[in-house]
Amino acid sequence: MTTLDTTSDASPGGPHATSVVDQENLASGAPPSTTNTDDDRVQGRRALTLTLVLVALASLVGFGIRWYTVTVSYPTCPEPTYFGEKAPDGCFQDIGWGDAYYYRTQAQLLADGQGFANPTAWLQGQLRTDVPQLQPGAGHPPVYTMFLATLIKAGVSDVDDHRKAQVLVGTLGVALIGLAGWQIGGRRRHVVAPLSALLAATYPMLWINDFRYLSESIYIPIVAVLIMACYRFWAKPGWGSAAFLGGMIGLSSLTRGEGIFLLAFTVPPLLWGMRSLTVKHRLALGAVVSGVAFAVLGPWVAHNLSRFPTPVTVTSGTGMVLIHGSCDQAFYGDAIGYYSFACANVLTPLDKNPAMAAEEVADAEARSKAITYITANADQLPVVMLARAGRMWDIYDVEGNIRFNAVLEGRGETPSRIGLWFYAALIPFGILGLLDLRRRGIPLSPIVGLAAAVTLTAMLSFGITRYRIPADVALVMAAAIGFDLVVRRAVVWLRTS
């Protein structure tokens, strides 16, 4: 695998680039490392084998935690006997509204050959004669729906089995985060990789998503590979690495709509740092990254433009996102910076306008009313945007965030609280890890860029903790580097004291 190349964290400059190990040796006055002897190769293979075994063991830990959560702590509720039946406490139910219902229903329709249909219209069309049952749907990008539809086509159609499949996806994410840690770990990669995987296995903010039936579950391994693609592109800038990075950015955008922000926050800083390349070469590489990203995204956009009566590109849910964060409940008071279902009460009810079952109609009205409210409350908007960012990063109204996560997001109070403590403990180690990366000359933009992208996402929508997922993936890797650094210095101090 290219991600395990022992020169993958070399400085950019082609085949003669200096490895990070040599950079560190030269900085300390030691001679460059030799990498061509038989002993070095044997030791390298042994270190890699041991690292992979440890990453696999950490992944098994992650599997155990996720499996227990899905089957014991938050099992799937019994199927409701009537529409709107309240689920028993302490279990997960695929209720008749919300993101989980949308994904599940659209995936079933896709598997049945109905394409990417509108689940709301499908439901209302069964209840009302004035709503066409089969209408186009693009409330979310397609990757997670396609994942579920693939399971259904393979005969795995039960919600409980889907949730168990997400355990496997989460376990894959743990392993990939470990491999990403290997790529940036430098001389300590044999420690950083398994430690990154262990943190990813146990960090609640990552495994919470695997029992919620949402796209964040599948987004985690994609982000891990995206980080590896960023550092591979920096280490060995070329047409192939540029195309791979562009492809991963495109795939990210097809999983979470805001994934396209990653293009702006990661690629330009990487290109800026490639000083050994000419400006023309860097611009050409940037064009390849951008071109491939939009080429991957293009078929979905073209499909949407061809099937909706009004233009829809990546998603038809932008207006709905805006409206749920644009009312007094979300601009003032205890829920400032969050969202409120009451915000959507200004929309025309379906009973008065059956056309509101069409996503493009509802989205246009929601966007219009949201912009009207935001314009009328423009003086408060900067405060709200700061509150949104503060909520997502858990530095504003922390107790309120736990309550919102537990009640509105269905993430459970105990996992949310433990996740907050875990997150707070990771932060100082993550900062140390970033400082160590900077000291070694490793670019920070693949990590800091993720943080910037999710911050912008929150400020434009609302401060949901799960929007932080890409940054949480990067955080465990940086924290693994920082933790290893602290332990090593503590050992040295104890030996010399």
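Every number here is computed from the coordinates shown, using simple stated rules; none is lab data. Just so it is clear, the structure is predicted and the values come from calculations on it, not from any experiment. Here the Cβ is made from the backbone with ideal geometry for all residues, glycine too, and neighbour counts use every protein chain on show.
Key figures
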quantity	calculated
Rotationally averaged projected area of region 322-415 (alpha carbon convex hull; nm²)	6.8 nm²
Dipole in debye (nearest 20) - region 168-305, about Cα centre, beta carbon charges: Lys, Arg +1; Asp, Glu -1	600 debye
Neighbour-count ranking [beta-carbon atoms within 10 angstrom, fewest first] of His190, His281, His324	His281, His190, His324
Residues listed by number, region 330-350, amide nitrogen under 14 Å from Glu399 label point at 7 Å toward C-beta	334
Relative counts (whole %) of C-alpha pair distances in region 251-343, using bins that are 10 Å wide	14, 28, 26, 21, 9, 1
Sequence-distant residues sharing a close amide H with Ala117 (under 5 Å, placed H)	Leu110, Gly137
Cβ-based exposure ranking for Thr465, Thr105, in which fewest neighbours within 10 Å come first	Thr105, Thr465
Electrostatic dipole magnitude of region 357-491 [Cβ: Lys, Arg +1; Asp, Glu -1; Cα centre; debye, to 20]	640 debye
Reference-scaled alpha-carbon Rg (2.2 N^0.38 Å with N residues) for region 367-497	1.30
0 to 90° range, to nearest 10: angle between helix 261-272 axis and the chain longest Cα axis	20 degrees
Ratio of the Cα radius of gyration of region 103-150 to 2.2 N^0.38 Å, where N counts its residues	1.09
Size descriptor, Kirkwood hydrodynamic radius, that averages inverse alpha-carbon separations across region 426-497, Å	13.3 Å
Rounded to 10°, Cα long-axis angle of helix 469-496 versus longest principal axis of the chain	30 degrees
Spatially close lysines, pair count over the chain: Cα under 30 Å, gap of eight or more or interchain	6
Where N is the number of residues in the chain, Cα Rg divided by 2.2 N^0.38 Å	1.02
Cα coordinate range in region 170-209, projected on the principal axes (Å, largest first)	32, 14, 11
Region 425-497 versus region 276-324: alpha-carbon centroid distance in Å	29 Å
For Arg256, Arg403, order by how many other beta-carbon atoms lie within 10 Å, fewest first	Arg403, Arg256
Crossing angle, helix 445-460 versus the chain [Cα axis fit, 0-90 degrees, rounded to tens]	20 degrees
Sorted peptide list for 466-476, 191-201, 116-126, 290-300, criterion being average Cβ within 10 angstrom, highest first	191-201, 466-476, 116-126, 290-300
